[in-house]
Amino acid sequence: MLIGPAMSRGLNTSNNALYPLTGDFLAGRLRKTLGATDLQYIESLVETETQLSDGEHLIRRGDLTNTSAILVDGFMFRTIETGDRRFIVGIHVPGDFVDLHGFALKRLDHSLESSGRTRLGLVSHERLKDTMRDKPKIARALWLATLLDASIHRKWIQTLEQLDAPRRIAHIYCELQTRLELIGKAVPRAVRTPFTQLDLGDMCGVSAVHANRAVSKLREIELAEIRRGTLYTNDWEALKRYASFESSYLYGDGPLKLNEGWD
């Protein structure tokens with residue numbers, strides 16, 4: 001018998017109180033190696049804020065961009081549309097710069113779509129240009145953020161090729177639980193998301209009907225239950241074993257040093 005929602009634990013309240021817009025940036029990785037001056041500078045990068053409704057796009061594939069956005073609250077999808085099909089090729093959680101690579105590329109090969117309601121802080125590319133020139137330690141932290149995106153993307157490719165739909169869905173939620181834990185926003189036996197079964201299908205490259213069967217399989221084998229986007233489980237370790245999940249690609253321990261040779 002699977003349990004219902006659990007109480008939140010250990011939210012990242014200190015970081016978010018001092019730095020309400022960027023307090024989750026690299027939290028649980030190497031944020032602790034950044035000094036107060038660095039953290040204040042990162043917070044000051046955000047010039048304006050925006051909020052998006054469910055399904056609203058921050059930017060569409062091919063659009064030119066002169067800002068990058070850090071996700072403050074909610075979830076966002078990276079999506080690619082081909083004909084009448086949508087493929088979700090990545091998920092963002094609070095603290096992620098969702099389009100930092102747009103600083104160099106100027107236009108994206110994918111779209112960024114809000115899942116549920118989201119809040120974002122916008123950073124102009126002019127400010128990022130100044131950061132690259134004047135703040136090498138912070139520039140390296142931003143570079144690390146883009147490398148983490150790439151690491152997660154490679155794992156998504158592997159799991160899409162390697163795992164069937166039930167295990168793929170389990171892997172996605174195990175990943176999200178770990179990423180939320182790193183920023184202090186996980187709860188013990190659940191991952192709460194606004195995802196629909198259509199969303200889950202688009203993450204796995206299958207139809208919503210197939211995704212529904214995959215969700216049912218997780219319930220039948222008594223590892224997890226997904227209701228209205230929220231996954232409940234009594235045993236994260238068993239679910240991780242089922243999904244062949246291991247977290248090293250998330251770099252939860254971070255690089256050994258951020259400032260070596262960059263001060």
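The values are calculated or read from the model by the stated rules, or taken from the named source; none is laboratory data. Quick caveat: nothing in here was measured; it's all calculated off a predicted structure. In this analysis, Cβ positions are derived from the backbone assuming ideal geometry, glycine residues included, and neighbour counts consider all displayed protein chains. To get the accessible areas, we keep the full protein, side chains included, count just its heavy atoms, and leave off ligands, DNA and RNA. Shrake-Rupley method; radii C 1.70, N 1.55, O 1.52, S 1.80 Å.
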Requested in this report: Calculate the spin-label point distance for LYS106 paired with ILE221, positioning each point 7 Å from the Cα along the beta-carbon direction, and give it in nanometres.
Outcome: 4.9
**Report entry** Exceeding the 29 Å Cα-Cα cut-off - candidates LYS106/LYS137; LYS106/LYS240; LYS32/LYS106; LYS185/LYS240; LYS129/LYS240
**Finding:** LYS106/LYS240; LYS32/LYS106; LYS129/LYS240
Report summary line: Inter-part gap, Cα centre of segment 169-195 to Cα centre of segment 74-96, in whole angstrom, is 17
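For the chain, which whole percent of the accessible surface, found with a 1.4 angstrom probe, sits on carbon and sulfur atoms?
C and S fraction of accessible area: 52 percent.
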Report task. Give the peptides 195-206, 172-183 in descending order of average Cβ contacts within 10 Å, highest first. Result -> 172-183, 195-206
Report task. Provide the per residue accessible area, probe 1.4 Å, for segment 121-263, rounded to a whole number of square angstrom. Result -> 48
**Report entry** Residue-normalised accessible area of segment 34-99, expressed per residue, 1.4 Å probe, Å²
**Finding:** 45
Report summary line: Computed, not fitted: 222 nm per-residue ellipticity of the chain from DSSP H runs ≥ 4 (each -39500 (n - 2.57)), nearest 500, equal to -12000 deg cm²/dmol
Report summary line: Between HIS153 and ARG117, the two model label points (7 Å from Cα along the beta-carbon direction) sit apart by a distance in nm of 3.1
